[in-house]
Every structure is written in structure tokens, then in C-alpha cells.
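Only one structure is covered here, and it is reproduced in the block below.
The values are calculated or read from the model by the stated rules, or taken from the named source; none is laboratory data. As the structure is a prediction and not an experimental result, all values here were calculated from the model. Using ideal geometry, Cβ is built from the backbone for each residue, glycine included, and neighbour counts are taken over all protein chains shown. Accessible surface areas use protein heavy atoms only, side chains included; no ligands, DNA or RNA. Shrake-Rupley method; radii C 1.70, N 1.55, O 1.52, S 1.80 Å.
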Amino acid sequence: MDTIRGTAFLQFGDLLAEHGASLREHLAPHRIGMDVVGDYEKKFSYRSLVQVFEGSAHALEMPYLGMELATRQKSTLLGPLQHLGQTAPTAGEGLAAVVRYMCVYSPSILFHLERRPGCTLLCFDNALPCIQEIPQIVEKSLLHGKLLMAELLGDSFRPTTVLLRHQPQADLAEYQRYFGCQVRFGQDQNALAIRLKDMQRPCVRHDPMLHSIVKFYLEAHSDTNEKLGFEVERHIYALLPKQRCNLEQIAQLLDLHPRALQRRLANDGIDFEERVDEIRRHQAEQLLGQSKLTIGQIAQELGYRRTSSFCRAHQRWFGISPNEHRYLLRT
């Protein structure tokens, strides 16, 4: 399930070449073949994509790499998702449709929409541990959201605000240049704030018949490729750091009654609380071994309000303290 399409690398080779770097050399350590680059039909590891972008940004001393690449690519969706969004009645409906079927492009990417007074938030997350430490893919993905809205509207588009969990990687002027609005850092989520009037504007390529056909096609394919348990799991990963991970919240995101969701999970042999506990355990081990976060910060990433609660859970999982576990993982 950790996959993304080869179009994610569109324009990347040209960007590297302009800075005297070789695309082949940047891909080789991650065992990504050149035949994958730019090919919508070929897939590779999303985790590798993130590592390539982070490594390239550091190697080139280019902290705005993700935003620059998104600007050059404009839209990497292509295929049925692009047609689905463009042919919707309004930009808001087009955006919601793309979010709904994003799993066709990559099951590792999780966007969702949240209504707020006067605006809608397009929120971005993924299933990788500690999204704060992978800023390039976050900034690239949110900028793609802005560019998608402009594509649907057939006009320039600016969000009212951009929210980022991480701290600035580049000069603040760079963020203003790429997003064209205020960017706020150290927030509790990664999101674009979109005016309601922009969400209600018509799509310039609205085509009811084609929209219906593409939606039918995607619905048929997502039924076989997108299991409910996997969709729930993606939301668990996204909601844990926000300390909002509960059955009721996920049921709302899936447009289901909590009892209906619980019943469908039970039919698939899934206990919600047990799955949350398993994901926390897995994330704890990865963050202790691979991140520089403090124990308190890891506790927050896993959705614990108190570090002591995380330490007790860790003792139950592994029989040792988090500090002892981190020492063993790194020796």
C-alpha cells in the first residue's frame, strides 16, 4: 500500500540538472529505476519519494525544493482523477471528489476537508512517522492543492492562509512568493484555508456526463482496491498527533454513523481500539529509532496528552522504558 505513481517525479530531473546534479544518482540509493520517472502507470514506494526529496533539498542546499517542484509540475494527478476534478459542477465539489478518490493516485497520501467559519480547510497528512520531519513533501503537497484549485477555476487562486506543523525551512519571503498568502508555522495541522466563495465557484470545464462516467469508473476500482480497514487506518495515522483519534471522529470523516462503522469493522475482524494501540506501538518504535524527537514530543505525536501515559503504554508493549528502548535501537 506504500505506493505512488511515477508522475510524482515529473520535472524533477530538470530541476536537479539546473543545480548540477544527476537524477539517476539521486534515485539510485533508493533503487528507483529511471523507467519509473514520469510514467503514470508505474508505481514505486512513497516513503522513497519522501526520502529522495528531503535528501535532495539538503544536498542542493535548497530548502524550498518541494514548493519549487510543485510549481513546475502544476498537477501530477493526470489520468481519471484529473478529469474527475475538472468536470465537477463547482471547485469545492471537484476538490472533494479528488480527495475522496486520492487512493487511486497514492494510498499513502491522506487529504481531508474540514469546514470552519467562513472557510474550508484542505488538510494534508500521510502515514509516515513524524510528518514534522519531512517538510518538503508537506509543502509540495499543499502547494499542489493550491494549484489544483487554480486549475479547476481556470484562474489564479490564493488561499487565505497556509498552516504548517513544522518550522520555516526557507526565508519567509519564499513562502509568500509560492503561496501568495500568510503562512503560519508550528500549527496543529498542515492545511490550506480556502474561502467559501471560491469553493462555490463553477469549474470551467464542468461536464456532467463525463463527471458521472469517471466517478463510476473510480467507484468500481476503489471498491476492490480500497478496503474500509485501510481507510480507517489512514485516518488513525492522521488524527493521532491532533489528539482527536476516536471512532466517532473517523466515522464522521467517512460519513458513517459510529455504530455502523464499528459493526463493519467487526465484520472484518477489526477492533478499533486494538488497531489504534498497534499503530501507536509501531510508530513509537520507528520514532524512537529514527527521529530526533524527545520522549515528550513522541508522546504528543502518538496522541497522548501526558508523557507518563505514553511511558506506561511503552512499558506494556516492550517491557522497558522509552529511553532504554531508544538506546538499544541505536547501538
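Report the normalised scattering of the range 226-315 as log10 I(q)/I(0) at q = 0.16, 0.20 Å⁻¹, calculated by the Debye formula with identical scatterers on the alpha carbons. The computed values of log10 I(q)/I(0) come out as -0.65, -0.92. Which aspartates and glutamates does Lys146 reach when only Cα atoms under 12 Å apart count, and residues fewer than 8 places away in its own chain are ignored? Of all the aspartates and glutamates, those that pass the test against Lys146 - Cα under 12 Å, at least 8 places apart if same chain - are Asp155, Asp198. Placing unit charges on each Cβ (+1 for Lys and Arg, -1 for Asp and Glu) gives the chain a dipole about its Cα centre, and among Thr294, His221, Ala91 the Cα reaching farthest toward its positive end belongs to Thr294. With both residues required to sit in the chain, DSSP beta bridges show an antiparallel share near 90%.
Calculated mean residue ellipticity, 222 nm, the chain: -16000 deg cm²/dmol, from DSSP H runs (n ≥ 4) at -39500 (n - 2.57) each, averaged per residue and rounded to 500.
Counting heavy atoms of the protein chains only and a 1.4 Å probe, report the per residue accessible area for the chain as a whole number of Å².
Value returned for the chain: 48 Å² of accessible area per residue.
Note on the chain: percent of Cα-Cα distances in each 20 Å bin, starting at 0 and stopping at the bin with the largest distance, equals 29, 60, 11, 0. Between the alpha-carbon centres of the range 1-46 and the range 131-182 there is a gap of 22 Å. The gain in end-to-end length when the Arg281 to Gln297 segment is fully stretched comes to 4.3 nm, 0.36 nm per residue minus the alpha carbon separation.
Remark: the Cα gyration tensor places the range 288-328 in the oblate category, a/c being 1.5 or greater and a/b not exceeding b/c. Taken about its Cα centre, the range 1-159 carries a charge dipole of about 340 debye when Lys and Arg each add +1 at the Cβ and Asp and Glu each add -1 at the Cβ. Per q in 0.15 Å⁻¹, report the Debye log10 I(q)/I(0) for the range 57-127, using one uniform scatterer on each alpha carbon and no solvent. Treating every Cα as an identical point scatterer, log10 I(q)/I(0) equals -0.63. Using a probe radius of 1.4 angstrom, the carbon and sulfur fraction of the accessible surface of the chain is 48%.
Using the C-alpha gyration tensor of the range 1-93, what are the square roots of 5 times its eigenvalues, in whole angstrom, with the largest one first?
Values: eigenvalues 130, 51, 25 Å².
After diagonalising the Cα gyration tensor, the semi-axes are 25, 16, 11 Å.
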